[in-house]
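Q: Sharing a structure with you now.
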Amino acid sequence: MSEHSAPRPPARILVVDDDPTVAEVVTGYLDRSGFAVEHAADGPEALLRAGERRPDLVVLDLMLPGLDGLEVCRRLRETGPVPVIMLTARGDEEDRITGLEVGADDYVTKPFSPRELVLRVESVLRRSRAAAGPTAAPVLRAAGLAVDPATRRATREGRELALTLREFDLLAYFLEHPGAAHTREQLMRRVWGWDFGDLSTVTVHVRRLRAKIEDDPARPRLIQTVWGVGYRFDPRQEGGAA
């Protein structure tokens with residue numbers, strides 16, 4: 001008789017929030033959804049816990065005493081890739097965009113539905129685990145870029161690019177579909193795996209990716225804006241007139 005493979009251990013989620021009520025609700029819902037949940041009440045404690053045992057995902061409040069969520073996210077990113085979902089009580093779009101720009105994979109604005117947060121956690125973890133799993137996909141090459149899905153490495157002219165999970169997936173998707181125009185809704189479905197969400201998430205990630213692969217991000221040649229539609233990756237533009 002063949003042995004069944006051991007069940008996958010539950011994903012470890014670190015919830016970082018100084019509001020006891022919010023933390024209790026969030027950890028309760030995640031725990032009932034089958035995750036192994038830890039709670040940290042401030043930034044230093046979050047970094048300490050993450051350093052002791054790296055979580056599979058961090059739910060991180062933006063407004064924390066002492067060390068805010070943006071700085072915690074930056075420091076987490078310095079030690080290696082980890083998916084981050086930012087929580088914010090602010091309605092200001094700039095705060096949400098700032099969270100994405102420091103590397104958060106998603107954000108949820110308070111007040112929020114705990115069930116929606118669980119769905120976002122599950123979605124981000126699916127993408128993260130798929131990225132970490134074995135793949136036989138070939139290396140994608142265009143315009144001096146090389147993206148290897150098997151090793152999750154991307155280079156430009158031989159120099160490795162420091163990409164977040166979503167940036168890597170977005171770049172790989174563009175290289176897989178050169179010359180095609182994509183709406184932000186299509187990119188959200190194909191790259192993020194979401195049928196709902198704030199489309200500014202796509203806009204911010206395109207801007208971050210341009211900053212890493214374009215000679216002049218203010219005048220992008222590779223990832224072009226298609227007005228009224230969305231974006232197109234055009235490797236034929238590389239190497240044109242200066």
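The values are calculated or read from the model by the stated rules, or taken from the named source; none is laboratory data. It should be emphasised that the depicted structure is a prediction, and the values quoted were computed from it without experimental measurement. Cβ: placed from backbone, ideal geometry, glycine included. Neighbour counts: every protein chain shown. Surface areas here come from the heavy atoms of the whole protein model, side chains and all, with no ligands, DNA or RNA. Shrake-Rupley method; radii C 1.70, N 1.55, O 1.52, S 1.80 Å.
Q: Can you name the number of the only condition in (1) modelled with pLDDT of 90 or more; (2) open to solvent by 40 Å² or more (accessible area, probe 1.4 Å); (3) under 19 Å from F112 (Cβ atoms); (4) touching a strand residue (DSSP E or B) at 6+ places or on another chain (Cβ under 9 Å) that D17 fails?
A: Going through the list (1) modelled with pLDDT of 90 or more; (2) open to solvent by 40 Å² or more (accessible area, probe 1.4 Å); (3) under 19 Å from F112 (Cβ atoms); (4) touching a strand residue (DSSP E or B) at 6+ places or on another chain (Cβ under 9 Å), D17 breaks only (2).
Q: Now for a different question. Does any residue in segment 108-129 that is in a strand (DSSP E or B) come within less than 6 Å, Cβ to Cβ, of a residue that is open to solvent by less than 20 Å² (accessible area, probe 1.4 Å) and of a type in the set (V, I, T) six or more places away or on a different chain, and which pairs are these?
A: That search, which allows pairs on different chains as well, returns T109/T88.
Q: Let me ask something else about it. Restricting to segment 173-197, and then to whatever is among the aliphatic types (A, V, I, L, M) and without any contact (Cβ under 8 Å) to a residue 40 or more places away in the chain, can you tell me which residue is surrounded by the fewest Cβ atoms within 10 Å (Cβ to Cβ)?
A: This residue is M188.
Q: Give segment 148-160 a look and list any residue that's in contact with a Phe, Trp or Tyr (Cβ under 7 Å, 6 or more places away or on another chain) and either of a type in the set (S, T, Y) or open to solvent by 10 Å² or more (accessible area, probe 1.4 Å) (or both), or say none.
A: Within segment 148-160, R152 is the sole residue that qualifies.
Q: Could you tell me whether any residue of segment 182-205 is touching an Asp or Glu at 6+ places or on another chain (Cβ under 8 Å), more than 20 Å from L125 (Cβ to Cβ) and of a type in the set (A, V, I, L, M, F, W, C)?
A: yes
Q: If you go through segment 35-55 one residue at a time, do you hit one that is more than 24 Å from S200 (Cβ to Cβ), crowded, with 20+ Cβ neighbours inside 10 Å and touching a Ser or Thr at 6+ places or on another chain (Cβ under 6 Å)?
A: yes
Q: For the condition open to solvent by less than 10 Å² (accessible area, probe 1.4 Å) and either of a type in the set (F, W, Y) or closer than 30 Å to L119 by Cβ (or both), what is the one hit in L163, L170?
A: Checking each option against the conditions leaves just L170.
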